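Heads up, the thing below is written out as structure tokens.
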Amino acid sequence: MKEKRKYIVWALFSLLVIALFVFLQQEYRYHFFFIEQNFMFRSSLDYIMPHLAVPGGLANMVGEFLIQFYMFPYAGAAITTALIALVALLINALLRQINSGYSWLLLACIPALSLFFLHFDFNYKPAGTVAFLLMLIAAWGGLVIKNDRFRFAYNLVVVSCLFWCCGSVFVLYALLMVLYEFGTGKPLRYWSLLLVLLAGILGEMSVRFALIGEYKLIFLPDMFYHTRLQPKSLIYFSYILLILLYAVALWLKPVKEKKLFFKLAELTLPFVFVLLFAGWGLREYGDEKAQHVKKLDYFSRTGQWDEVINESRGSMTNYLYICYLNLALAEKGQLAERMFLYDQRGVDGLLLKWNKTFSISVLLSDVYYSIGNVALAQEMAFEASVSVLGSGNPRMLKRLVETNIIYGEYKVAGKYIDLLEQTAYYKKWAREQRRFLYNDAAVEEDHLLGEKRRGLLVDSYLSNTNGLDRDLINLAEHYPANRNPIEYLGGLLLLAKDLEGFKTLLETYYGTDVLPVLPNGFQEAVIILSEKMPEEWAKYRVGQAVIDRFGQYRKSILANKNNQALPQLMARDYGNTYWFYFMFK
């Protein structure tokens, strides 16, 4: 019966591991692509040695080394599943060293799951899980040593090594070893308190000598969270739960003969509890709402603009989603033609306000690059690089390479290329960019870089010093072949319902190289500007299909003007027009 229960436990554990991998791959695959952009592992000594010169450096290096593979399909789900499964297995091995009379494997999944939930937070460094895993390996090694004096000497060495290699988990290790010595009544139990004293001295020295900035970063798992932010209480759960399980294992006496009810409860209750804990954790920390924007970010980064547009059907209330949509339309040359076919919510959906965060800086860099404002695209790339959680953002480094090549700053571009060549995933792209260095002819012949260079202004217009409207006009006048500046400006005026400004724009630029013809969205606005002046429609060559549809729109408005459900009725047939946006949004 004992062997049978053992097989059942391992079968249930295997089922949980498989379910975890499938769930992550199915529901969170874009999350891993997003996380990969927070870190940039480089295989060079000038990158590795400074990281190893501070407490926790080895764990950080291992974490970043693993994260670089997240760009490959299935890798993120597989690596995360493997880390969490190994944590559970090692906790089980640790507890069985203390008390082999019970089955701990399923219960070991609970602190492992609390670590797993942290991986949904992109401000958490997976190095925290690596450090926890290494600490468990060291703790298991300590309990294997039965000679008290050898174990004490081993623990002194391990506390020091964990402090330097894995950071704050050295405190947890010291507490576990002290708890073990006192729980089992070992002769050297009072001497084990020196482990806590050693941990305190090491932590104090790390702060005093400025190796670590704050006490909480060396004594608590806060070390593995964005230093500018306050972590959620979840970050402490794995430490607390491990200590509780550890204490229970020490307290419980092995039972040689167990009743059938106890045997069944030992199997079913932990499994049920794990399922309930997993369900609660996913609801509380799964961050399901953020998965959509991570998907849009991935499609945008890889230039899958049709996928961005396909994901933008129906109602949208999040400005981030709308901004990705409008960027995709602009990249396909369809912004002013099709923007009102989708759920627009104002000017922030076209150009977000900068809030100094990493994600917004990245998106704005993409938007400005699409518009042709290379200076602002570069500035936002710098800002994103400063606010990134890890050691660099490869996407923004690529942007810095491109913008410096466009400006002819080949020496600077070469430095960024050097950095990208030290990565596993981006080195091929970086090597391809070397052909542009000190080769103006190659730059000008390139479809993308040449186009951006031809659109460069004499002045850089950093931070919109002349006002956004003026900068867009300057870009449009300087290089009319790029339609995005004038379409963004017209779109901003229409979304703000600034019809006087839009009228001035038409009177100034319609029929010129800047605005030779009016796209569909602009034609619909012309009718509102001059509803009772059909001659204006002819002047701006408003299409007959647009005129006919406006006639139907006007009839519907008049027929239902006393109906309280008028917005809903009009949305059904005309929600994809500027007329509806102007009147009801």
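The values are calculated or read from the model by the stated rules, or taken from the named source; none is laboratory data. Just so we're clear, the structure is a prediction, and the values are computed from it rather than from any experiment. Counting neighbours? That spans all protein chains shown, and the Cβs are built from the backbone with ideal geometry, glycine included.
Tell me yes or no: at least one residue of the stretch 546-558 is touching a Phe, Trp or Tyr at 6+ places or on another chain (Cβ under 6 Å), in a helix (DSSP H, G or I) and surrounded by fewer than 17 Cβ atoms within 10 Å (Cβ to Cβ). Looking through the stretch 546-558, none of the residues is touching a Phe, Trp or Tyr at 6+ places or on another chain (Cβ under 6 Å), in a helix (DSSP H, G or I) and surrounded by fewer than 17 Cβ atoms within 10 Å (Cβ to Cβ). Applying the selection to the stretch 287-296, what residues are out of contact with any Leu (no Cβ under 8 Å at 6 or more places or on another chain) and either surrounded by 16 or more Cβ atoms within 10 Å (Cβ to Cβ) or at pLDDT 90 or above (or both)? Selection gives A290, Q291, H292, K294, K295. So is L468 surrounded by 20 or more Cβ atoms within 10 Å (Cβ to Cβ) and hydrophobic (A, V, I, L, M, F, W, C) or not? No. Among the residues of the stretch 324-338, is any surrounded by fewer than 17 Cβ atoms within 10 Å (Cβ to Cβ) and within 20 Å of the chain's Cα centre (by Cα)? Looking through the stretch 324-338, none of the residues is surrounded by fewer than 17 Cβ atoms within 10 Å (Cβ to Cβ) and within 20 Å of the chain's Cα centre (by Cα). Within the stretch 6-25, identify whether any single residue is in a helix (DSSP H, G or I), of a type in the set (S, T, Y) and either surrounded by fewer than 17 Cβ atoms within 10 Å (Cβ to Cβ) or free of Cβ contacts under 8 Å to residues at least 60 places away in the same chain (or both), and answer yes or no. The answer is yes; a qualifying residue exists.
So which residues in the stretch 73-86 are of a type in the set (A, V, I, L, M, F, W, C) and in contact (Cβ under 8 Å) with a residue 60 or more places away in the chain, if there are any at all?
Pass one, the stretch 73-86, residues of a type in the set (A, V, I, L, M, F, W, C): 75, 77-79, 82-86.
Within the stretch 73-86, I84, A85 meet the criteria.
Can you find, within the stretch 264-285, the residue that is modelled with the lowest pLDDT among those that are surrounded by 15 or more Cβ atoms within 10 Å (Cβ to Cβ) and either touching a Ser or Thr at 6+ places or on another chain (Cβ under 6 Å) or of a type outside the set (A, V, I, L, M) (or both)? Per the criteria, the residue is E266. Restricted to the stretch 488-529, and to residues there that are among the polar types (S, T, N, Q) and either buried (at least 22 other Cβ atoms within 10 Å of the Cβ) or without any contact (Cβ under 8 Å) to a residue 24 or more places away in the chain (or both), the residue that is nearest to L335 (Cα to Cα) is Q523.
Kindly check whether there is at least one residue in the stretch 530-537 that is more than 41 Å from the chain's Cα centre (by Cα), surrounded by 15 or more Cβ atoms within 10 Å (Cβ to Cβ) and of a type in the set (A, V, I, L, M, F, W, C). The answer is yes, given that some residue of the stretch 530-537 is more than 41 Å from the chain's Cα centre (by Cα), surrounded by 15 or more Cβ atoms within 10 Å (Cβ to Cβ) and of a type in the set (A, V, I, L, M, F, W, C). Restricting attention to the stretch 26-43, the residues being over 16 Å from the mean Cα position of the chain (by Cα) and under 22 Å from L113 (Cα atoms) number 1. On inspection, A112 passes the criterion of being part of a helix (DSSP H, G or I) and under 15 Å from F277 (Cα atoms).
If I go through the stretch 118-150 residue by residue, how many of them are basic (K, R) and either surrounded by fewer than 21 Cβ atoms within 10 Å (Cβ to Cβ) or out of contact with any Asp or Glu (no Cβ under 9 Å at 6 or more places or on another chain) (or both)?
Selection size over the stretch 118-150: 2.
F41 fulfils the conditions (1) assigned to a helix (DSSP H, G or I); (2) buried (at least 20 other Cβ atoms within 10 Å of the Cβ) except for a single criterion, (1).
Per-residue answers, yes or no, for (1) of a type in the set (F, W, Y); (2) in contact (Cβ under 8 Å) with a residue 40 or more places away in the chain; (3) more than 21 Å from K146 (Cα to Cα):
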position	(1), (2), (3)
Y173	yes, no, no
E181	no, no, no
L188	no, yes, no
W191	yes, no, no
L194	no, no, no
L198	no, yes, yes
S206	no, yes, yes
I212	no, yes, yes
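Looking only at the stretch 95-107, decide whether some residue is within 22 Å of K125 (Cα to Cα) and assigned to a helix (DSSP H, G or I). No.
In this structure, is N520 among the polar types (S, T, N, Q), out of contact with any Ser or Thr (no Cβ under 8 Å at 6 or more places or on another chain) and closer than 15 Å to R338 by Cα? It is true that N520 is among the polar types (S, T, N, Q), out of contact with any Ser or Thr (no Cβ under 8 Å at 6 or more places or on another chain) and closer than 15 Å to R338 by Cα.
Of all residues assigned to the stretch 300-310, none qualifies as being modelled with pLDDT under 90 and surrounded by fewer than 14 Cβ atoms within 10 Å (Cβ to Cβ). Among the criteria (1) of a type in the set (A, V, I, L, M); (2) more than 30 Å from N355 (Cα to Cα); (3) in contact (Cβ under 8 Å) with a residue 12 or more places away in the chain, the one L472 does not fulfil is (2).
Quick one: would you say V362 is β-branched (V, I, T), crowded, with 18+ Cβ neighbours inside 10 Å and out of contact with any strand residue (DSSP E or B) (no Cβ under 7 Å at 6 or more places or on another chain)?
yes
Taking the criterion of being touching a residue at least 40 places away in the same chain (Cβ under 8 Å) and either among the β-branched types (V, I, T) or in contact with a Lys or Arg (Cβ under 6 Å, 6 or more places away or on another chain) (or both), the only residue of the stretch 539-581 that qualifies is T577. Among the residues making up the stretch 28-51, those that are within 29 Å of D287 (Cβ to Cβ) and among the aliphatic types (A, V, I, L, M) are I35, M40.
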